[in-house]
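> My questions will all concern the structure given below.
The values are calculated or read from the model by the stated rules, or taken from the named source; none is laboratory data. Being a predicted model, the structure only gives us computed values, none of them experimental. In this analysis, Cβ positions are derived from the backbone assuming ideal geometry, glycine residues included, and neighbour counts consider all displayed protein chains.
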Amino acid sequence: MSLSIRQALTEDIHHLTGIDAVARNDERRREQLAQAIRARECWIACKANDAAAPLGYGCLDRSFFGEYFIPLVVVSDASRRTGVGRQLMTHLERVASAQKVFTSTNTSNLPMRQLLAQLGYQHSGTIENLDPGDPELVFVKFMR
Ligand SMILES: CC(C)(COP(=O)(O)OP(=O)(O)OC[C@H]1O[C@@H](n2cnc3c(N)ncnc32)[C@H](O)[C@@H]1OP(=O)(O)O)[C@@H](O)C(=O)NCCC(=O)NCCS
């Protein structure tokens with residue numbers, strides 16, 4: 001699918017909440033998203049011919065020991081498995097323009113783990129005790 005990826009604006013928050021089931025139900029996620037938009041750390045993917053209707057979003061910050069870190073990438077249910085997540089991740093890697101980029105996901109999140117494997121991320125540690133019974137796996141990608 002041909003996508004355009006741009007920085008999210010304050011007025012995009014309603015669309016992003018609409019495609020992110022967690023944000024719809026979790027005030028903390030909505031605040032995280034709003035904060036990322038204010039900090040210009042959130043990018044959205046839209047169809048190339050419809051820049052107003054996001055299909056997904058991703059965030060990039062330096063919250064992980066000062067390293068580039070992708071804390072969130074979310075694709076609408078209807079647009080999954082069409083390459084949106086892959087294109088968002090690749091865009092964030094380009095924006096970081098760093099030697100390495102980190103991200104993390106729950107052990108149970110097989111779609112994200114598969115996406116990371118496809119993009120060349122390697123396991124870089126495990127954090128216990130965030131979600132009970134579902135350790136957080138940290139990944140890193142070394143850029144060439
Ligand atoms: C994880 C997520 C972002 C993937 O986005 P996506 O746009 O569907 O992913 P893509 O279409 O770019 O898929 C790229 C590759 O990832 C893997 N993948 C993605 N979804 C998968 C699934 N459900 N099962 C297995 N592999 C999957 C595949 O290797 C896929 O390549 P292929 O389609 O050529 O086989 C999406 O499922 C999502 O938004 N999940 C909810 C939010 C979340 O958990 N985010 C991650 C932690 S913040």
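> Pick out the one residue from Ile37, Ile5 that is at pLDDT 95 or above, over 24 Å from His123 (Cβ atoms), out of contact with any Lys or Arg (no Cβ under 8 Å at 6 or more places or on another chain) and assigned to a helix (DSSP H, G or I).
Step by step, each of Ile37, Ile5 is checked, and only Ile37 is at pLDDT 95 or above, over 24 Å from His123 (Cβ atoms), out of contact with any Lys or Arg (no Cβ under 8 Å at 6 or more places or on another chain) and assigned to a helix (DSSP H, G or I).
> With respect to Arg62, determine if the residue is charged (D, E, K, R), away from the ligand (no atom under 13 Å from the Cβ) and not in a helix (DSSP H, G or I).
Working: charged (D, E, K, R): yes; away from the ligand (no atom under 13 Å from the Cβ): yes; not in a helix (DSSP H, G or I): yes.
Judged against the criteria, Arg62 is a match.
> Looking at the range 47-95 only, could you name the residues that are closer than 14 Å to Leu119 by Cβ, in contact (Cβ under 8 Å) with a residue 24 or more places away in the chain and surrounded by fewer than 16 Cβ atoms within 10 Å (Cβ to Cβ)?
Gly83, Arg86, Thr90
> Considering only residues that are closer than 21 Å to Leu130 by Cα and hydroxyl-bearing (Ser, Thr, Tyr), which ones fall in the range 69-117?
Taking the range 69-117 first, the residues closer than 21 Å to Leu130 by Cα are 69-74, 102-113, 116.
Within the range 69-117, Thr103, Ser104, Thr105, Thr107, Ser108 qualify.
> Then there's this: Specify which of the listed residues (Leu33, Leu115, Leu119) is surrounded by fewer than 19 Cβ atoms within 10 Å (Cβ to Cβ), touching a residue at least 24 places away in the same chain (Cβ under 8 Å) and not basic (Lys, Arg).
Result of the check over Leu33, Leu115, Leu119: Leu119.
> When you check Asp77 against the structure, is it out of contact with any strand residue (DSSP E or B) (no Cβ under 7 Å at 6 or more places or on another chain) and of a type outside the set (Gly, Ala, Ser), yes or no? Write out each step before concluding.
On the way: out of contact with any strand residue (DSSP E or B) (no Cβ under 7 Å at 6 or more places or on another chain): yes; of a type outside the set (Gly, Ala, Ser): yes.
For Asp77, the condition - out of contact with any strand residue (DSSP E or B) (no Cβ under 7 Å at 6 or more places or on another chain) and of a type outside the set (Gly, Ala, Ser) - is met.
> Would you say Arg29 is at positive phi and among the basic types (Lys, Arg)?
No.
> Tell me which strands (runs of 3 or more DSSP E) are completely within the range 69-144 and hold 2 or more residues being under 11 Å from the mean Cα position of the chain (by Cα) and within 14 Å of the ligand (Cβ to nearest atom), or say none if there are none.
Hits in the range 69-144: 100-106.
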